[in-house]
1. Would you check if residue 155 is open to solvent by 60 Å² or more (accessible area, probe 1.4 Å), touching a residue at least 40 places away in the same chain (Cβ under 8 Å) and not polar (S, T, N, Q)?
2. Report, by residue number, each residue of segment 183-193 that is aliphatic (A, V, I, L, M) and either open to solvent by 10 Å² or more (accessible area, probe 1.4 Å) or in contact with a His (Cβ under 6 Å, 6 or more places away or on another chain) (or both).
3. Could you check residue 180 against (1) open to solvent by less than 20 Å² (accessible area, probe 1.4 Å); (2) free of Cβ contacts under 8 Å to residues at least 40 places away in the same chain; (3) charged (D, E, K, R); (4) under 29 Å from residue 88 (Cα atoms) and say which number it fails?
Amino acid sequence: LYDWAGSEVEYKRAIELNPSYSIEHRTYAALLVALGRHDEAWEQINQAMRTDPLSLPNNAEVVRTLYYARDYNHAIEQAHKGLQLDPDYYRIHFWLARVYAQKGMHPEAVVEGEKVLQAMPDSTVGLTELAYSLASNGRQADARTLLQRLQEKSKQAFVPAYNFAIIHIALNQKDQALQDLQKAYDEKDWALMVLAVEPRLDPLRSDPRFKTLLRKIGLPI
């Protein structure tokens, strides 16, 4: 599942065979982000944009790439450009919510999170993102209400443990978050590919249990 070197070989081969296929550049950028190779990721997502600048997924990936590189001001600028193509495109609002939260612009993050949930009512992703934004904004009771909705949802459908970890971090429940991440590893959750670069996980980075997870997945500590 976490064969980083093998995945990179396949991406390079695919791009060699069809260098004008923007999806390959976009997804290769996501892999490079996970490995902390942000300059190379930026090159790849820019290649995707040169190939297809009107692609909404490409524009969203630009914001994603900048978010993980922690270039938040540039990410906001690029998000606004992307939203000129489609003001309602939820994936750009999704990443913008994360950027605002890390910038400390918590009311703005909540607004963006509400837009995501409005576009994807009762979705696991929408509930998670808004809960994180609310908790970061000091609205812990509201965040716990959404957490409870996710917990109820998990009784009927699969809800990734990673999502619970993100909310528990925002609620300052680090031990529970680490337990959730271990469960996510047991579930072979693809979301763990960003374990080394996700800003929201910073409160856990000094914990030996977190470093053990990074080693298991083969990501840089």
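The values are calculated or read from the model by the stated rules, or taken from the named source; none is laboratory data. Because the structure is predicted, anything quoted here is derived from the model rather than measured. Cβ atoms come from the backbone with ideal geometry, glycine included; neighbour counts cover every protein chain shown. Surface areas here come from the heavy atoms of the whole protein model, side chains and all, with no ligands, DNA or RNA. Shrake-Rupley method; radii C 1.70, N 1.55, O 1.52, S 1.80 Å.
1. No, not satisfied.
2. 191, 193
3. (4)
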